[in-house]
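Student: Below is one structure. I have some questions about it.
The values are calculated or read from the model by the stated rules, or taken from the named source; none is laboratory data. Just so it is clear, the model here is predicted, and its values are computed rather than measured. Virtual Cβ from ideal backbone geometry, glycine too; neighbours counted across all protein chains shown. Just so you know, the surface numbers come from the protein's heavy atoms only, side chains and all, with ligands and any DNA or RNA stripped out. Shrake-Rupley method; radii C 1.70, N 1.55, O 1.52, S 1.80 Å.
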Amino acid sequence: MSFTQATLWCTAPPGDARRTTPGDARRTTPVAPAAAAGPPGAPARRPPTGAATGRHAAAAPDRTARRGASRPDAAAVDGDVAAAVQTVLESLLATRLAHADRLGALFTRDLVRRITDLTLHGGHRTRPRLLWWSLRACGGGDRDQVRAALRAGAALELLQTCALVHDDVMDAAPTRRGRPALHVDVARQYAASSPGGAGRLGEAAAVLAGDLALAWADDVVTDLLLDGGTLPAGAVQHVRDLWRTTRTEMVAGQYLDVQGQATAHVTVARALHAASLKSALYTVARPLELGAALAGADTAVTRALGRAGRCAGLAFQLRDDLDDLFADPCATGKPSGGDVRDGKPTYLMAVARARAVAAGDPAVLGVLDASLGRADLTEGGLDRVRDVLTASGTRDLVLDRIERLDRRARNHLAAAGLAPGPAAATLHALLAETAGVPPAGRCPRPPAGETPGAAATTAPDAEAGR
């Protein structure tokens, strides 16, 4: 069964005659993933957008036929979660494009097609994969749960689109996923016809585009909840609460980040709190809890998975802080030292400053004060920051914190009591990959004095930390 066939009906409107009373069978031992399942970090094999859209559009009117032969199959999704979510996104966005066309070609061209392109091209589908393997490890896998999980994964991707578009405006970022950022692309489009207002128009367009992506994400979750009679008992309320919490935490984390950057207010506690909201909860913990809720897992299991996700996600963000200075830009996909030049209030810098103050070390404080927030900082200036972080022991301290967080994540995952099997093993591997720590050992520590770039990042998605 192809992924397009397996997920064809996942965009059906709620209310079709499939409501059943949830039973205990939803909480049984996980169905073993297909033998063809690739590693958690494998890139998505995405079907061509046009072909998938055409098939979905042709099949949309015949809801009865879709409920029959095209029901999704968990084992097929196991083989490539990202591709299955991609198929659902293609169908959902084809419907939105068709509706936008009726509202006007200008709106479709300037906003809707740009949102669609950004959502469908790029990214590792980190959140949907975490949601899916949490569901599978908790025993989920019947066809109603598969449908719900893929739709929830699509909603998370649309929420991420909103976040990225808005982030790029706030950060004045010129590119996203190898292309001009949306606000930059719109500004260039109107540069000739409105030379004085094109930049402002681009920013306004990006704000509206992000809002539209968020509205679409909410639409998807609303439809899922309205069709909630097919889900395990209590899942509807739990998913509603998690979705509400996720959206608010995402905004709160981003505000802490930009406010700290603007005011140069950097403390260890605040940096950890912002990282927890932006990365640990939004990217890892909440998707894991959503998967558990859709599987009908009990409260203890769901909380244990959330704790595991929080630790792994925080480890990811701390690793990302280190990679910004010490990893190869070819591996991270972004220029080295961007956080330093932007004056980002990262945990790494907060720890460095706190240690320097406690030790009464004016040399370290002098380097930090002269470097953070300097957009014109040279490579030599970045080298001085690297030197003081290494010599002061800050780099090693953060590496130790990453290792402890990884151990705690594995302990919480063990406390969830997941049934042994391929699904639980895949979830373990995915969390280790997210934390950026090799499952079989400690974080590799490059020798002191090693040139930046020798240690490649192991995190699954450079965008996961937004």
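Student: Identify, from the list Thr248, Thr263, Thr267, Thr283, the residue that is open to solvent by less than 30 Å² (accessible area, probe 1.4 Å) and β-branched (Val, Ile, Thr).
Tutor: Residue meeting the stated conditions: Thr283.
Student: Could you please tell me which pairs satisfy a Cβ distance under 8 Å, a separation of 6+ or placement on different chains, a first residue in region 235-258 that is among the basic types (Lys, Arg), and a second residue that is open to solvent by 40 Å² or more (accessible area, probe 1.4 Å) and assigned to a helix (DSSP H, G or I)?
Tutor: Arg247/Leu214
Student: From the list Leu305, Leu348, Leu294, which one is at pLDDT 95 or above, in contact with a helix residue (DSSP H, G or I) (Cβ under 8 Å, 6 or more places away or on another chain) and either farther than 30 Å from Gln145 by Cα or of a type in the set (Asp, Glu) (or both)?
Tutor: Leu348
Student: In addition: Considering only region 422-458, state which residues are in contact with a Lys or Arg (Cβ under 9 Å, 6 or more places away or on another chain), at pLDDT 50 or above and assigned to a loop (DSSP other than H, G, I, E, B).
Tutor: Gly436, Val437
Student: Starting from region 70-96, keep only residues that are closer than 20 Å to Pro422 by Cα, then list their pairs with residues that are surrounded by fewer than 24 Cβ atoms within 10 Å (Cβ to Cβ) and among the hydroxyl-bearing types (Ser, Thr, Tyr) whose Cβ atoms are within a distance under 8 Å, requiring at least 6 positions of separation or different chains.
Tutor: Filtered contacts from region 70-96: Ala76/Ser2.
Student: Please state which of the following conditions Thr302 fails to meet, knowing it meets all the rest: (1) part of a helix (DSSP H, G or I); (2) farther than 19 Å from Arg408 by Cβ; (3) open to solvent by less than 50 Å² (accessible area, probe 1.4 Å).
Tutor: (2)
Student: Okay, moving on. Has region 189-199 got any residue that is assigned to a helix (DSSP H, G or I), without any contact (Cβ under 8 Å) to a residue 40 or more places away in the chain and either surrounded by 15 or more Cβ atoms within 10 Å (Cβ to Cβ) or of a type in the set (A, V, I, L, M) (or both)?
Tutor: yes
Student: Of all residues in region 224-241, how many are modelled with pLDDT of 85 or more, open to solvent by less than 40 Å² (accessible area, probe 1.4 Å) and within 12 Å of Gly296 (Cβ to Cβ)?
Tutor: Matching residues across region 224-241 total 5.
Student: Looking at region 119-132, which of its residues are in a helix (DSSP H, G or I) and surrounded by 22 or more Cβ atoms within 10 Å (Cβ to Cβ)?
Tutor: Matches in region 119-132: Thr119, Thr126, Arg127, Pro128, Arg129, Leu130, Leu131, Trp132.
Student: Now for a separate question. Ala100 passes all but one of (1) of a type in the set (Gly, Ala, Ser); (2) in a loop (DSSP other than H, G, I, E, B); (3) more than 20 Å from the chain's Cα centre (by Cα); (4) over 22 Å from Leu418 (Cβ atoms); which number fails?
Tutor: Of (1) of a type in the set (Gly, Ala, Ser); (2) in a loop (DSSP other than H, G, I, E, B); (3) more than 20 Å from the chain's Cα centre (by Cα); (4) over 22 Å from Leu418 (Cβ atoms), only one is false for Ala100: (2).
Student: So which of Thr95, Thr116 is surrounded by 19 or more Cβ atoms within 10 Å (Cβ to Cβ), modelled with pLDDT of 50 or more and polar (S, T, N, Q)?
Tutor: Just one listed residue meets the conditions, Thr116.
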